[in-house]
Amino acid sequence: MKKIFSLLFLLLLLTGCGAKPAPLWIAAGHKQLETFKQDFLTGRAPRITEIHFRNAVEEIKKSGDADLLGKAWLTRMALQIAVLREPEEGDYMKIEAAEVIPANRNFYLFLKGDAAALDVSLLPESYRPFWAALRSGDAAKTAGAITAIDDPLSRLIASGLAVRHRLETEMILRTAVETASRNGWKMALLAWLERLKSFHEAAGDAEKASAIRSRIDLILSI
Amino acid sequence: MAQRIEFKVGLFITITSLLIMASIGYVAYKKGVFSKVYTYTLSSKTGENLTEGMPVAVWGFTIGRVSSLELNDQGTVLIRIKIPERHIRMIRADSKFVLDKPLIGSPRILVNTTDLNGLLLSTEMIPELTESNDINEIIKRAQPIVDKADRIMANIEQITANLADPAGEVNRILRDAETLIARFSKKDSLLEMAIGDPESVKSIHEALKKLRDITVKADGILQRVDAMAGKTDEELYGRDGVLPQFRNILRDLLAKLAKIDATFDNINKVSSEAADSTKDLKALRNELDETVTAIGNLADEIDRKIPFKTRPEIKLP
């Protein structure tokens, strides 16, 4: 037992020397935002999803931190792109009017697809190869860059951006479907399956389209 | 010569003093100490929830504070708020002042201004402070808490269902732990098991180390559960709430681990004296490994289900 106590004591000592716990508003804001992301992608009732987002914003507002507040609204926009919806700016522009955060401004331009004003060096690192491929207009290269993104949400956002830039290939759509499916993001999965079905229909491949239709029906019947 | 040194020292002290004063002055200037502060008066029927120093906020940004509270002859509470000149543009004649009482956190006064180009509010005017008491507001705020409680309940239910199941993982672990303790408590068996084979003793030590690591890990989870306990409602975290029950289960498990640990200490003593070989040691090692792996899996599962990170970070997706 003495050894266990010694170990525990050492652990406590190390914990004490480590980083201080995050302030409550960050913890609460982060948790609400993560719940919002999960609920949004899985397709929980929009009323509940929205409450989580509003709560996250309220928590962050307690600090008046324009950077984090901007990030919260940009996260919302990015999620809308990830499920192939039109992104809504919400209060982001208001926040930017109060204080411009270069990284946030750049991410906003990235989501908007404003290539001229975008500074690649300010983009989150995981998106840089994707952005370069997207700008080259090479669909195969873009699909490869999307597949290489580690984070599933970032991968879905990149896929959504590629579609918005009319770089739509079966590989990109399948990558997005696979990503949503593996993570159990039902709403995102349905959106991407619908897109894939339309893609096959447009290409005149009725068999593939019908298989996707069956998969959608199966998901909706659960 | 001495006079010259005195002059230099004097000059040095004078320049240093001037520099210090200039620095203090500059910092004070930057902090807005010299900027003009406007005092506005608000009225309220009650002084409940109002305190001196309470923040006054616009769109989540603090722009001023309550400087004083007083009761006038008509029984109305007069609230004086101080707003620095740089934020004065937020206070307009049509501004509404609302006392915001969040379910969690301190109350504050919110200023709602629709027209930032409207007339500035005169310091002679006494607008009324209203309260955000809308029931819908409360429901809106309560929803995520209920939602969260619901999720935790579902997780706890899963764990307790496992506990109630005689063939469940937790019961199996406890049975295994009890079997081990029972075996260790028999002195004859102990003497049989504890032998001088260095390889076997080494493997037991490795298993023991693993067991201790898991004990520390489980204790870490307990600490996190404890840290959660002071934060939310009575039903969930109160004396009879679900989380304390969950914590008791973990404590029970830890107590059993501690017993095993003590028994191992005994084995170590005995093994240094005994020098006989036995097959039981291998069986014991297997049993121990199985128990350790099962406890480890359980600890990981609990850890996964209560994913409270110490330093959450809000990042771009």
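The values are calculated or read from the model by the stated rules, or taken from the named source; none is laboratory data. Since the model is a prediction, treat every value here as computed from it, not as a measurement. Don't worry about glycine lacking a Cβ; one is built from the backbone with ideal geometry, like all the others, and counts go over all protein chains shown. Remember, those area values only see protein heavy atoms, side chains included, never the ligands or the DNA or RNA. Shrake-Rupley method; radii C 1.70, N 1.55, O 1.52, S 1.80 Å.
Some values worked out for this structure:
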item: Cα centroid separation, region B:53-119 to region A:23-80 (Å); result: 26
item: Chain lengthening between residue A:97 and residue A:136 when straightened (0.36 nm per residue, less Cα-Cα); result: 10.8 nm
item: Area hidden from solvent between A and B (accessible, protein heavy atoms only, 1.4 Å, total, Å²); result: 3100
item: 222 nm mean residue ellipticity, helices alone, for chain A (DSSP H n ≥ 4; -39,500 (n - 2.57); rounded to 500); result: -23500 deg cm²/dmol
item: Projected area, mean over directions - region A:97-164, Cα convex hull, nm²; result: 4.6
item: Label-point gap, in nm, between residue B:70 and residue B:126 - each point 7 angstrom along Cα→Cβ; result: 1.1
item: Relative contact order, percent, chain A [alpha-carbon distance under 8 Å, six or more residues apart]; result: 16
item: Top of A:194, A:99, A:178 by mean-square fluctuation, Gaussian network on chain A, Cα under 10 Å; result: A:99
item: Karplus (6.51, -1.76, 1.60) ³J(HN,Hα), θ = phi - 60°, over region B:23-30, in Hz, Gly and Pro reported as x; result: 4, 4, x, 5, 4, 4, 5, 5
item: Point-to-point label distance, residue B:315-residue B:114, nm (Cα→Cβ direction, 7 Å offset); result: 4.3
item: Chain A: angle of helix A:152-164 to the longest principal axis, Cα-based, in degrees nearest 10; result: 40
item: Cα long-axis angle, helix A:2-17 against chain A (0 to 90 degrees, to the nearest 10); result: 70
item: Proximal charge balance of residue B:123 [Cβ under 14 Å; K/R count +1, D/E count -1]; result: +2
item: Protection-proxy order for peptides B:105-117, B:23-35, each taking the mean of Cβ atoms within 10 Å per residue, highest first; result: B:105-117, B:23-35
